[in-house]
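Chemist: Submitted below is the structure of interest, expressed as structure tokens.
The values are calculated or read from the model by the stated rules, or taken from the named source; none is laboratory data. On a predicted model such as this, the values are computed, not experimentally measured, just so you know. Because the Cβ atoms are built from the backbone with ideal geometry, glycine has one as well, and the counts that use them run over all protein chains shown.
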Amino acid sequence: MKGASAETRGGAERIGLPPPALDRQMTVEAAIRSRRSIREFGPGSITIDEISQILWAAQGITDRAGYRAAPSAGALYPLEISLIAGDIRSLPAGIYRYSPPAHALDAGSAGDRRAAIAEAALSQRWIADAAAILILAAVEERTTVKYGRRGIRYVHIEIGHAAQNVYLQAAALGLGTTIVGAFKDNEVKDVANLRRDETPLCLLPIGRH
């Protein structure tokens with residue numbers, strides 16, 4: 001698998017991602033200016049390097065202390081990211097789970113599940129045209145155990161931080177995305193094989209436009 005390395009952990013394949021690029025030429029101001037909510041995707045795959053960069057921007061580790069790209073109340077990190085891969089070069093279609101500490105993907109079910117996610121998102125067919133879909137979910141108890149019910153608000157703030165990072169990183173790569181909140185939670189959980197304690201909070205389709 002070009003640009004990635006694979007190993008087996010506990011019976012599941014773990015795919016190491018290419019390291020993120022930290023010296024791109026686009027300024028943050030230019031990324032903010034060019035950011036748009038994209039719902040029409042053109043043909044063309046995205047690369048393993050591009051999806052690696054986007055995952056790192058969302059939840060990647062940014063220093064030796066283990067802090068991540070998006071701020072988290074109490075550094076409790078309740079977010080979990082699933083990747084629905086459909087048209088990513090050098091990555092088979094399927095469901096993957098992002099591991100921030102390893103900067104790697106843990107492989108789940110094989111097969112293209114983009115259409116199933118689009119159906120769960122109230123039949124928004126355009127979602128299936130994206131090369132990939134990120135599902136940002138949260139284990140709210142990681143935060144509420146410290147902050148009580150107020151922690152739910154902190155989780156929602158954190159989702160916004162991570163999603164905006166995806167927007168800006170996609171813009172810097174010349175890709176398009178938009179946040180989707182209209183979907184049936186249980187159907188998304190079933191399609192993506194989310195755990196019982198995970199609540200899906202948004203979808204981010206990603207592709208060329």
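Chemist: Which residues, taken from segment 162-176, are in contact with a helix residue (DSSP H, G or I) (Cβ under 9 Å, 6 or more places away or on another chain) and either in a helix (DSSP H, G or I) or at pLDDT below 95 (or both)?
Modeler: Selection gives Ala162, Ala163, Asn165, Val166, Tyr167, Leu168, Gln169, Ala170, Ala171, Ala172.
Chemist: Could you pull out the residue among Ile179, Ile157 that is at pLDDT 95 or above, surrounded by fewer than 19 Cβ atoms within 10 Å (Cβ to Cβ) and closer than 18 Å to Arg35 by Cβ? If you could, list the steps in order and put the result at the bottom.
Modeler: Details: Ile157 fails: closer than 18 Å to Arg35 by Cβ.
Unique residue meeting the criteria: Ile179.
Chemist: Please go through segment 118-140 and give me each residue that is exposed (fewer than 15 other Cβ atoms within 10 Å of the Cβ) and without any contact (Cβ under 8 Å) to a residue 60 or more places away in the chain, ordered by number.
Modeler: So the first thing to find is which residues in segment 118-140 are exposed (fewer than 15 other Cβ atoms within 10 Å of the Cβ), and the list is 122-123, 125.
Hits for segment 118-140 are Ser123, Arg125.
Chemist: Across segment 39-76, which residue is surrounded by the most Cβ atoms within 10 Å (Cβ to Cβ) among those that are among the aliphatic types (A, V, I, L, M) and touching a helix residue (DSSP H, G or I) at 6+ places or on another chain (Cβ under 8 Å)?
Modeler: Within segment 39-76, the first condition is being among the aliphatic types (A, V, I, L, M), and the residues that meet it are 46, 48, 51, 54-55, 57-58, 61, 65, 69-70, 73, 75-76.
Subset that is touching a helix residue (DSSP H, G or I) at 6+ places or on another chain (Cβ under 8 Å): 54, 57-58, 69-70, 73, 76.
Details: Ile54: 28, Ala57: 22, Ala58: 24, Ala69: 19, Ala70: 22, Ala73: 18, Leu76: 19.
Going through the qualifying residues, I end up with Ile54.
Chemist: Next question. Inspect segment 65-78 for any residue being in contact with a Phe, Trp or Tyr (Cβ under 6 Å, 6 or more places away or on another chain) and either free of Cβ contacts under 8 Å to residues at least 24 places away in the same chain or not aliphatic (A, V, I, L, M) (or both) and give the result as yes or no.
Modeler: Of segment 65-78, the ones in contact with a Phe, Trp or Tyr (Cβ under 6 Å, 6 or more places away or on another chain) are 73.
This time we only want the ones that are either free of Cβ contacts under 8 Å to residues at least 24 places away in the same chain or not aliphatic (A, V, I, L, M) (or both), so: none.
Checked segment 65-78: no residue is in contact with a Phe, Trp or Tyr (Cβ under 6 Å, 6 or more places away or on another chain) and either free of Cβ contacts under 8 Å to residues at least 24 places away in the same chain or not aliphatic (A, V, I, L, M) (or both).
Chemist: Output the number of residues of segment 124-143 satisfying the condition of being of a type outside the set (Phe, Trp, Tyr) and part of a helix (DSSP H, G or I). Walk me through it before giving the result.
Modeler: At the first step, the residues of segment 124-143 found to be of a type outside the set (Phe, Trp, Tyr) are 124-125, 127-143.
Subsequent filtering for residues that are part of a helix (DSSP H, G or I) retains 125, 127-129, 141-143.
Final tally of qualifying residues: 7.
Chemist: Is segment 193-206 home to any residue that is farther than 14 Å from Glu80 by Cβ and within 16 Å of the chain's Cα centre (by Cα)? First the steps, then the outcome.
Modeler: As a first pass, look at segment 193-206 and keep what is farther than 14 Å from Glu80 by Cβ: 205-206.
Add one more test, that the residue is within 16 Å of the chain's Cα centre (by Cα), and what stays is 205-206.
The answer is yes, given that some residue of segment 193-206 is farther than 14 Å from Glu80 by Cβ and within 16 Å of the chain's Cα centre (by Cα).
Chemist: To continue, here is another question. For segment 2-20, give me each residue that is at pLDDT below 95 and in a loop (DSSP other than H, G, I, E, B).
Modeler: Within segment 2-20, Lys2, Gly3, Ala4, Gly10, Gly11 qualify.
Chemist: Given the condition in a helix (DSSP H, G or I), aliphatic (A, V, I, L, M) and in contact (Cβ under 8 Å) with a residue 60 or more places away in the chain, answer yes or no: does some residue in segment 102-117 qualify?
Modeler: Applying the first criterion (in a helix (DSSP H, G or I)) to segment 102-117 yields 114-117.
Okay, now just the ones that are also aliphatic (A, V, I, L, M), so 115-117.
Now restrict to residues that are in contact (Cβ under 8 Å) with a residue 60 or more places away in the chain: 116-117.
Yes.
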